[in-house]
Amino acid sequence: MVISRDSASAEAMRGTLVDALRRHGIVSGEPVEEALRAVPRHLFVPGVPLPRAYGHEAITAHRDESGTTLSALPEPGLVAAMLDQLDVRPGHRVLEIGTGTGYTAALLARLAGPEGRVTSVDILPGAVAVARRGLARAGYGHVETAVADGLLGHAERAPYDRVLVSAGAWDLPPAWADQLAPGGVLVAPLRLRGVTRSVAFTRRDGVWRGRAALSCAPLPLRGPGEVAEHRVVLGDPPVLRLRTDDDRTLDAAALESALDGPETLVWTGVRPPGGESHLDLHLAALPECCRVLPDLDAVRAGLLTAALHPWGGPGAATADSFAYLTRRGIGTSAELGVSAHGPDAPALADLLTTRVRTWHTTRHHTLHINAHPPNTPLPDATWTIPKHHTTIALHLTPPPPTPLPTPKP
C-alpha cells in the first residue's frame with residue numbers, strides 16, 4: 001500500500017472533515033463515521049492539494065472533449081448521507097453502479113469488512129482504470145471493478161444485499177430488482193424532471209418502496225438506455241441556463257426572445273422552506289418543470305431577478321416562455337416569489353404561484369417516494385411521474401394530530 005501523501009497533515013484534515021460532517025448531522029452512524037476516518041480520500045485524487053482533497057466540494061476526475069464532467073470524486077457530505085441510507089453490514093455483498101474515482105467503493109469495502117464483497121462497475125474505461133489505481137494505493141485492491149453498463153447491473157456476482165447507485169438515475173431498470181437479494185436495499189439518486197432525491201428503496205410485491213429521501217445533485221448516470229438531461233443557454237454572453245429532463249428539449253432561440261420583454265414578478269405571501277424539502281417536487285409534478293439558473297453577473301447588472309438559491313432553482317418553461325422561483329427579505333419576513341418572462345409569463349407565474357401556495361398547506365407533511373410497475377393506477381398518490389420501467393408515486397402524509405392535554409383532576 002502506497003501512503004506517501006497520507007501524512008499527519010492529511011490525517012488531521014480528514015479528522016476535521018469528518019468532525020464537521022458529524023457536527024452538522026450529516027453522519028449519524030458510527031460505522032460510516034469510522035469508514036470516513038479510515039479511508040484516505042486524497043489517494044483517489046493524486047496531485048490535488050490536500051486542503052482541496054479534504055474540502056466539502058466535489059472534484060472533477062474526467063471530462064469529455066467539450067469540458068463536460070463525466071466522473072468526479074463526490075462531495076463527502078453526499079457520500080456520507082447515502083452510506084447512512086444504505087446501511088451496509090459486515091459480510092454484505094455490495095454492488096456499486098458508477099465507480100468514479102473508487103473512493104466510495106473503498107468506503108463500502110471498509111463497511112462490508114473482510115467477509116463481505118464489493119463489486120463496482122462503470123461504463124467509462126478510463127474511470128475504472130483510475131479507480132483501480134486509487135484502490136490499490138489506499139489498500140483496497142481486493143475490490144472488484146469492471147467496465148460495464150450499470151443499467152444492466154452486474155449479474156455475474158448477483159445477488160447483492162446492497163446496491164448503491166452513485167449517479168443520478170432517470171429510472172429503476174429491471175436488472176436492479178432481479179439482482180437484489182430478498183430483504184436487500186437499493187439506494188439511488190432518482191431524477192424527477194430536474195429534481196433529484198436519493199432514496200433508499202426496498203422491494204416488496206413488485207413495488208420499490210422508498211424511505212429516507214434526501215436532496216442531492218450528482219452527475220447523471222450514463223449508458224445507452226439512460227435518458228439524458230438537456231441544457232439550454234440563453235444569451236451571449238450567457239444570461240440564463242435551463243436544464244430539462246424526460247428527453248424534453250427546449251428551443252434556445254425562441255426562449256431568448258423572452259429575455260427581451262418585461263418581467264412578470266409575483267409575490268406569493270409564502271415564506272421560503274426551512275427544513276421542509278419537497279417544494280421543488282410540487283413543481284416537478286408539472287410537465288413544464290425545469291431547473292433555472294440565472295447568471296450571477298446578469299443578476300448583478302439588474303437584467304434578471306435572482307433565483308431562489310445561488311445554484312438555481314425550480315421553474316417551468318413552455319416553447320417561448322419561462323418562470324422560476326425567487327425570494328425577498330430575510331428571516332421571518334422572507335417571501336417566495338415568481339419571476340416570469342415571455343408571452344406565457346402571466347400564465348406561468350399563476351401556475352407556479354398556485355403550486356407554492358398549495359405546498360405551503362402541506363409543508364409539514366412527510367414525503368414518501370415509491371416506484372410501481374408502469375401504467376399502474378395509483379389513485380392514492382399525490383402525484384405520479386411516468387417512466388419507462390416504473391411509475392413513480394409521490395405521497396405526502398400529514399403529521400399525526402397533536403394530542404390534547406390531559407385535564408388535571
* Structure fact -> Restricting attention to the stretch 151-167, the residues that are over 18 Å from Arg203 (Cβ atoms) and surrounded by 23 or more Cβ atoms within 10 Å (Cβ to Cβ) number exactly 2
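Which is farther than 23 Å from His230 by Cβ and not basic (Lys, Arg), of Val266, Val292? Full working, then the answer.
Values: Val292 fails: farther than 23 Å from His230 by Cβ.
Sole residue among the options that is farther than 23 Å from His230 by Cβ and not basic (Lys, Arg): Val266.
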* To do: Name, by its number, the condition in (1) more than 26 Å from His278 (Cα to Cα); (2) touching a Pro at 6+ places or on another chain (Cβ under 7 Å) that does not hold for Gly183.
  => (2)
* Asked: Does any residue in the stretch 83-103 that is among the basic types (Lys, Arg) come within less than 6 Å, Cβ to Cβ, of a residue that is buried (at least 24 other Cβ atoms within 10 Å of the Cβ) and at pLDDT 95 or above six or more places away or on a different chain, and which pairs are these?
  -> Arg93/Tyr160
* Structure fact -> Every listed condition ((1) over 15 Å from Ile385 (Cα atoms); (2) at pLDDT below 90) holds for Ala285 save (1)
* To do: For the stretch 266-280, name all the residues that are more than 26 Å from the chain's Cα centre (by Cα) and surrounded by fewer than 16 Cβ atoms within 10 Å (Cβ to Cβ).
  => Trp267, Gly269
* Residue that is surrounded by fewer than 13 Cβ atoms within 10 Å (Cβ to Cβ), more than 14 Å from Val195 (Cβ to Cβ) and among the polar types (S, T, N, Q), where the choices are Ser333, Ser321 -> Ser333
* Asked: Got a number for residues in the stretch 180-206 being touching a residue at least 60 places away in the same chain (Cβ under 8 Å) and surrounded by fewer than 17 Cβ atoms within 10 Å (Cβ to Cβ)?
  -> 2
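To keep it simple, each residue is scored yes or no on (1) over 25 Å from Arg191 (Cβ atoms); (2) of a type in the set (A, V, I, L, M); (3) not assigned by TED's automatic domain parsing to the domain that holds Leu192.
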site: Pro314; (1), (2), (3): no, no, yes
site: Thr332; (1), (2), (3): yes, no, yes
site: Val338; (1), (2), (3): no, yes, yes
site: Ala349; (1), (2), (3): yes, yes, yes
site: His388; (1), (2), (3): no, no, yes
site: Thr406; (1), (2), (3): yes, no, yes
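Which fully enclosed helices (runs of 4 or more DSSP H) of the stretch 1-90 have 2 or more residues being farther than 24 Å from Arg197 by Cα and out of contact with any Ser or Thr (no Cβ under 8 Å at 6 or more places or on another chain)? I'd like the intermediate steps shown before the answer.
Values: elements: 8-23, 30-38, 50-53, 76-86.
Counting at least 2 such residues, we get 8-23, 30-38, 50-53.
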* Asked: Among Leu78, Leu70, Leu83, which is in the same structural domain as Phe201 (by TED's automatic domain parsing) and touching a Cys at 6+ places or on another chain (Cβ under 6 Å)?
  -> Leu78
* To do: Could you run through the stretch 220-235 and say how many residues are under 30 Å from Ala298 (Cα atoms) and surrounded by fewer than 21 Cβ atoms within 10 Å (Cβ to Cβ)?
  => 8
* To do: Please enumerate the residues belonging to the stretch 315-342 that are within 24 Å of the chain's Cα centre (by Cα) and among the basic types (Lys, Arg).
  => Arg327
* Looking only at the stretch 60-72, count how many residues are surrounded by 15 or more Cβ atoms within 10 Å (Cβ to Cβ) and either in contact with a His (Cβ under 9 Å, 6 or more places away or on another chain) or closer than 20 Å to Ala12 by Cα (or both). => 3
* Which ones in the stretch 222-242 are at pLDDT 90 or above and part of a strand (DSSP E or B)? -> Val232, Val233, Leu234, Leu240, Arg241, Leu242
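The values are calculated or read from the model by the stated rules, or taken from the named source; none is laboratory data. Everything quoted here is computed from the prediction, not taken from an experiment. For neighbour counting, all protein chains shown are included, and Cβ atoms are generated from backbone atoms with ideal geometry for every residue, glycine included.
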